Structure formats: structure tokens, C-alpha cells
1. Going through region B:503-562 one residue at a time, which ones are in a strand (DSSP E or B) and aromatic (Phe, Trp, Tyr)?
2. Quick check, is B:Leu113 surrounded by 22 or more Cβ atoms within 10 Å (Cβ to Cβ) and under 30 Å from A:Val105 (Cα atoms)?
3. Sort out which residues of region A:111-122 are in a helix (DSSP H, G or I) and within 13 Å of another protein chain (Cβ to nearest Cβ), and write them in order of number.
4. I'd like the full set of residues that are free of Cβ contacts under 8 Å to residues at least 12 places away in the same chain and not charged (D, E, K, R), limited to region A:418-428.
5. Could you grab me the full set of residues in region A:302-325 that are over 23 Å from A:Ser52 (Cβ atoms) and part of a helix (DSSP H, G or I)?
6. Just checking, does region B:154-165 include any residue being away from every other protein chain (no Cβ under 14 Å), in contact with a strand residue (DSSP E or B) (Cβ under 7 Å, 6 or more places away or on another chain) and among the aromatic types (Phe, Trp, Tyr)?
7. Of the numbered conditions (1) in a helix (DSSP H, G or I); (2) over 28 Å from A:Ile206 (Cα atoms), A:Leu99 satisfies every one except a single condition; which is it?
Amino acid sequence: MDAIATHETLVEVAGCRQAYHKDASADVVVLDDVNLTLKSGEIVGLLGRSGSGKSTLLRIVSGLLAPTAGRVEWRGKQVHGPADGVAMVFQSFALFPWLTVQENVEIGLEARGVAREERETRAEQAIDLIGLGGYEHAFPKELSGGMRQRVGLARALVVHPDLLLMDEPFSALDVLTAETLRTDLIELWSEGKLPIKSVLMVTHNIEEAVLMCDRILVFSSNPGRVASELIVPFAHPRNRLAPDFRQMVDDIYALMTRRPPPARVPQPGAAATAVAQTHAIHSVSVNLLAGLMETLAAPPYDGRADLPPLSAALQLEVDDLLPIGESMAMLGFGEMVEGDIHLSESGIAYVNGTVDERKEIFANALKSRVPLAAAIRQVLDERWNHRASAVRFRDELEDTMSPDYAEDTLHALINWGRYAELYAYDEDADQFYLEEDEE
Amino acid sequence: MATSSSLPDLATTRRLPNGFDAFALICIVGALIAVARSASGTLAPLSALEVSPIQLDPWYLPGYALRTTMRMFAALAASLLFTFTFAPIAAKSRRAGLVMIPLLDILQSVPILGFLSFTVVFFMNLFPGRVLGAELAAIFAIFTSQAWNMAFSMYQSLVTVPGDLAEAARMFRLSAWQKFWRLEVPFAMPGLVWNTMMSMSGGWFFVVASEAISVGDTSWRLPGIGSYVAAALEARDLTAVVYAILAMLVVILAYDQLLFRPLTAWSAKFRVELTQGVQADDPWMLAMLRRTHLLRQGVDGLSGVFNWITGLRLSSRAIARPQPGPPSRTVDMVWIGLLLFIAAGIVWKLFGFLVIQLGWADLGEAILLGVFTLIRVAVLMVVASLIWVPVGVWLGLRPAWARRAQPVAQFLAAFPANLFFPPVVMGIVAFHLNADIWLTPLMVLGTQWYILFNVIAGAAAFPGDLQEASRNFHIGGWLWWRRVIIPGIFPYYITGAITASGGSWNAAIVAEVASWGDTKLTAHGLGAYTAQATEAGDTARIVLGVVVMSLFVVMCNRLLWRPLYAYSTRRLSIT
């Protein structure tokens, strides 16, 4: 890897911080003190859970977003807006539906004022390179997802960017299609056929990162920080089943399920400030939770499983599996440590319970382990009409997290509270309330 | 895009003109001559109108129809121009949007016909003694019936451009000009085409109403179908009225087939959803355009020029956007303060003007008459709904019928209902009926079709599995209506009802007063009030009538339709 050291530096990010400004309260920090150096000749992956700010970092590097603080340089110059020589592939493809494949590919060249003839030849080359020949005059809506993302790739490559940015490029595709696209891309890259010098990609798929990248930055969430940096020492093409490969995937799982350092100090006893202690909760449906717990309780796992094989067996990616596991851990039904997941006693009791017993166990878990749920119930008990507006809880949540997360968290609380029959929620009025027959 | 044929000799033969070309050529030359001859009439001195009064001979009708149609398209061009300037400004500048959007909202509710008298005077002064002034006044009236919803639709599209596409445009460094033409306009296209079509449908009503204008002692008759009908009414010539209806039928059929079918089919390609929907066949006109080689080369050439112009990198590139900070409060305060000041000034002026001429009694009268008209509109909406909802549901649930009924309903909505007034008026006179009751249906004559075709669309889109489920559980009778189909079509019904009630208010000005020869029929209502004030040239009462009517419409929208619409999209839309 020392060869890379002699390569030119393309991107330099130093002390980068991104925060939402929320009026009348502290800023919500998305990215904090992120440093990144990108040299030519390498594929770098930004790996993290959703909400770790990795996509934000990609947008900062691209020049689409200016950071709140910190320095971003492209080839030694401060970045002010999308730089020449940087192109992006989008998760949602972002193709213009009214333009044909050819016109979509040409758009970047057109924006630069490249003459029509040259535009056509270059587009033709990119289209052929990426395996889209014959589809030039098709419209995006006629293509499958995989073909659409190929158009996205061709559109980015045609401008001959030094740096290719990819924002979860394969996550909207099915497993097989994604795999074909990955191997095609890596093959072209190793053969030196891509007119690019370096790739920076965002992913939440651990295997994808190990399969494609030379270097992986693992992000931690809340606020987004680079938790660790890993060099992937394998040569392309890589074998997913090689023991070294598996070991690395396992290690990253362990890294990502490691408990965050106890940064927040709990303030016991104060229901009113319960909100302030609440982390963003992923809105995980009770069915998923119960399903995972039942799977874990049954053979072959018998209450304990290794995450990578479990993820493969359930066909859930880290980003889907970890939130369920975390919710489970938060409710005290189990634990996730170092890439393992296991059920606790109350988790086993839940699995073996009848419908009503399950609800009771769930309600107790909510009351004792989710301060905000307990606070909602307490407020409702105190009110004469047993009604309380959700706005207040939402506002308080937004003091510590972005509006999206606040909404997600509230959504989780509504669903869990409804399931546990701890409280009900009236969508029209946006109010929590207690059902009459409960007392 | 070149022809896909790989045989070179075939490709060259296909470049030769074919039968379609000959037909197309004749059409184009004919159209050019007709347009030129009609246009030359507008520069004539005003006296020309008196020299050649409206002829009731049906042979004059094609010429009149052409003049009417040209007015329509002139107004459409103006509306498009307005849309492409107003909407981008309102969308790009938050502070401008703060004023422009509510303004648009109010303008949509103002009864346009009430203002005809002012605009006529204004334009006549602009071109004294020329027909052009009266023409422009008529065109302006049509413009005011078309422009607002088009601009609104464009604005809506501009502020809802998908985030990833906007990002891609920035990433690939499209300039603001390129972005506007490559991303924003295409994205706005389906909505704009649909609203243009709605506008045109509404416009026929106003073009007919605005050709024969009289303010105080002066009156104009612009050559056109509207004037023809007005003349026929004076002469008590029912045959002429029937001829006019037939002519209008042909015109609307032609514009529907030649322009809007192809346009809507074409605009489908701008829809953003990336799934391949059901592809309808090209309407014959679009097919002809695509098959006629000369025309296609012309179109290709034009689109080449268009692409070249819109591809120019006119403005500067995008720069990185810092996280949008809170907008400056002080500037906002100053801006809003300024707006309030201007608004207060206008209200003061208006109030002063009205107080000098009118008393509180006049205001009371206007409001009372407004309540009468409100009752009329409400009753009509209920009656029209009771009739057309079951019919629409019945048709919509039978795909074969829905396909046929939908264009018919749309066509009926476009047909200027005022052409059908004379036969109804004749009936009322002949049977000595109560004008207060029997003039009322005229208000929904043209607008009820919006309910019908929206209900058909809703019923046709009603999910098959829900229908099967309700059949499986033997849900029938009233329960089926209450629990299944009415909630299912409700969002569609509301959309139709909003359009219909808005149109009815506007139609009141024409529908509450009717005449047949010397016999004048008047119903009690705000529409008749405004119409009579216009005829008498009583400016203060016109203003009062229009303002009160606008208030009624705005109140209806705010207190009834908006909440209903919000409720239906939130709770009853099937996703």
C-alpha cells in the first residue's frame, strides 16, 4: 500500500463539522471532526449505519453542501460548489425520465458546452464501456433497475472525472443485479479501463465494502465520526468465501455493534427531562422484533447467533438487522455484543408468552427502559382528560436530533405504545390519549 | 434521431414526401391564409364593426368561428408567457412568493366577467378607435380565465422538483438556464398540459361571453360565435342558435383532436414515475406528426434550435449551498411591513371610493344577494352530485364504458354552456316559469361535467381487490356506497366539485340574467346584481359586486373545500 503514498492527493477534508441549526436550542450535530484524505488510485468506502452522516460527508466532498466548519480541498484548492473532475452516482439513479439513455449520458458534457459531435462519440464510448450498447434511444422507464444504474455510471464516467463519488449505488437493486454490477465495475477498475483516478463510495453493506474498497472508514452515529479506518489488503478479484475475507467481515460487524462510549450522563428520576436522554429510536415494527426474537429462540440458534450468518440467512442487510437488534437490546429483550446477538430472560419470556402476556411484558419493558414512553404515560395519567398533544414531545425531541429522526422516534413510540396498549394515539388531532376502558 | 433502418436505399426513399406530407402541406398553407386574413381584421378602425354588423347567415359562421378560436389561442399564448415568468419568480424568490402565491389564489376566485367593463375601457383607451382595443379586451378576459391555474400548476411543480434530480443537475454543473429547461420545465410539463387543457375548456365560455360587450351606452360586437349568438338572441332566431352550437361543436372537436389529444399523449413522457405504465396508442394526430417526414424534419429542426438555445450556459454555475440558515428576520419584517402598508393603502382607497358612492345598505344588499347565489350554488352542487356521482360510478366501474364516457364528459366540460342558454330561456318564457328557480340550472350547465369525469376517473381507478373484497363479504346497497365506493372516489369527487363550484360562481354573472328578444329574465342574486351594474355602467356597484363575490368564493374555498380536500388526501387516498 506504500505505492499509494506516492500518488497525488485529490481530496483533503480536515476538521469537518456539519450541524443543523435549530432555533432556540443547541445545534444538532450530524458530522463531527471528520478528517479524510483521498489519493489517486484507491477506492475508499464510507461505511456506517444510516444516520451516521456518511452521505452528508459525500455531499460535502462533492461540493453540493458546504460544511458548517472545517476545510475541504480538491486538488489543493478550497471547494466552492461542484468541482470540475468530480462526478456522482446516485442511490436513486436520478436519471431524467424525459431524456433517452444517450441524452442522459450527454447531459454533463452539454453543461460544459462540449460540441455535439464530440459529445456523441464520448457518450457512445461510455455507453459501450458500461455495457449499455443498443439501449441508446431507450427511456429510463423502459429499463430495469440494474440497467438504470448503468446509465447513472455511464453519465458519471463520460465526463472523465478524476474522482467518482457513489452514494449507496447498489442498495436500490436486488441482490443478483447488485452483484453483477459490482463485479463489472471492479473488473473495469482493475483493468484500468475506467477514465477515473479514484472512487469514494458510501455503503451500509459490509460485504460490499470489503469486496470493493482498498480502504474503509467505519462511521459511528450520533454524531457521525470516523470510528476506525481499515485497510483491505486483498487483491482483486476477491473471494467472498476466503477465510481472510470472512474474518474481516466478522471484525467489522464486531466494530459496528460495539457499544458507544457512555457519553451521556443519565439524570435519574426526572420524568420531564426524559426526552433529553432519549436517543433516536428506529421505528422498528413489533412484528419484525417478535420475528427476530422467535427466530433466535428456535433452533439452530437457541437464543444466540453470530450476526453475519444470521444476516445472510434472514437476507437482511446490516442496516436492516442492526436497528432491530438495537431495539431489542433497548427493550431489554436481548443484547448485541461484538458481532453476536443473544436473547435475555425477558426476551425468552416474551417469545413463550401468549398474546396478552407478550403485551404485558412489552408494556413493562417500555415503562422501565424507554424513558420517553414512560413520560408520555405519566403525563396522560396526570391530565384530567387523559389527552396530550404530540407536538410537545416532538419539539423536545427535535432539540437533540434532526426533525427526521425525531419523527422516526415518535413513530416508534406511537407504534410500540399502541401495541403494548400503554397509550393510544389520535392522528387527526396529533394527540396521545388513554383509552376509556383501560382503567 | 436518425431513422432506424439499416438499408441505405430504403432510408433515402423514406425521405421523399409521402401522402401524409401532401395532406399536411395543404393544411398548413390553408391555416396560414386563414390566420392572416383574420388578423388583418383586428387593425381595422372601430367603425368597421358598425359597417359590417354580425350576419346571421350560417355561411359567415366558419369565419366567425376562426376569429373566436384565434382569440382563444392569443390568450393562451399570453397565459403561457405569464406562466413562464410569474411562476419561476414566485418559486425562486421566497419573499416574492410570499405575495405572489396568495395573490394568485385570490385572483383564481375573482369573477372575471365582472371586470370586463373595466378592462374594455382600459384597452379601448390604449388603442382609441381601433378594433384592436376591443379585441385585446376580449383576449384579456380569456387570459384571466386561463392564466392563474396554469401559473399555479407550474409553481407547484417548480417547488416540488425531486431532490435527487436537482442534485444531479447541480452535480453535473448545469447552469440555472440549462437547469430550468432540462429539469424544471420538463418536470412541470404534465401538470401544465393538463391545466392548459382545463383552462382552454373554461376559456371557451369566456370567449363567447366577452365578444358582445356593452358598458353603459356603448356596446361592441366583435365578429365571432359569441356575437353571432347575441345577435340571434336579439332576432329571436333559434335556427341561428342551433347553427352556432353546431359550429362550436366542430371547433371544439377539432381543437380536441388536433391539439390536446396529441399534447397529453406527448406530455406523458415527462412523468417522473419510473415504472412503465400502460401505454395508450398515439392519437391519430400525433401518429401523423410522427409519420409525416417533412413535418418531422421540420419538428426535428425546430427542436434542434430549441435544444441549442436551452443548452446555452447563460448564467453562472451553482456554488455550494451552506446549510440554509434562518432567513433574516429583520428583512422579513420590513418586507411584510411594506406589504401591509400597500395593502392598507389599497383598502383605504377602495373604501373611500365605495363610501362616497354607496352606503351600508348597498353592502347589505350585496351580501344578501350573495347569500341567494350561495344557496343556488350549494343546491346545484348537491343536485349535480346526486345525479352524476351514481352515473359516474356506474360508468367508471365498467372499463369499456369508462373509456368511451371519459372523453365525452371532458368534451362537454369544454363546450361553452352559454350557447345552450337560449333554448332554456325560451322554455322559461314560453311556460311562464319562475326565473329565480329555473335560471339556476344554467349555472351548472357547463360545470357539472367536471364532477362527472372526475368521478368516472376515480371509479375507474378504484382497486380491483377492494371491489372483490366487498363482493366477497356481500357488502351491498347503501353500506357499499357509504363504506366502499364513496370513500374510494372521494378525493376525485372533491377535485371535480371544487372546479364545478368555482365555475358556477363565475357563470352566475351570465346565468342570472337572460334575455330572449325583448323579454328580460332576472333572478335575484349577486351575479344579476353585477351584470346589471355593468349594463348601467355603475362602477361602484360593479366593484362592490365583484368584491363581495370574491369574498364569498374565498370563504367557500377556505372554510369548505380546502379542509375537505386536505382530509380526503390525508385519509381517503388509496396508495
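1. B:Trp516
2. So B:Leu113 does not fit the description; no.
3. A:Ala111, A:Arg116, A:Arg119, A:Glu120
4. A:Ala424
5. A:Pro309, A:Ala313, listed by residue number.
6. Checked against the condition, which is being away from every other protein chain (no Cβ under 14 Å), in contact with a strand residue (DSSP E or B) (Cβ under 7 Å, 6 or more places away or on another chain) and among the aromatic types (Phe, Trp, Tyr), region B:154-165 yields no hits at all.
7. Against the list (1) in a helix (DSSP H, G or I); (2) over 28 Å from A:Ile206 (Cα atoms), A:Leu99 comes up short only on (1).
Results for (1) at negative phi; (2) surrounded by fewer than 15 Cβ atoms within 10 Å (Cβ to Cβ); (3) part of a helix (DSSP H, G or I), shown as yes or no for each residue.
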| residue | (1), (2), (3) |
| --- | --- |
| A:Glu396 | yes, no, yes |
| A:Leu413 | yes, no, yes |
| A:Tyr425 | yes, no, no |
| A:Asp428 | yes, yes, no |
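The values are calculated or read from the model by the stated rules, or taken from the named source; none is laboratory data. For clarity, every value in this text was computed on a predicted model and none was experimentally measured. So basically every Cβ, Gly included, is an ideal-geometry build from the backbone, and we count neighbours across all protein chains shown.
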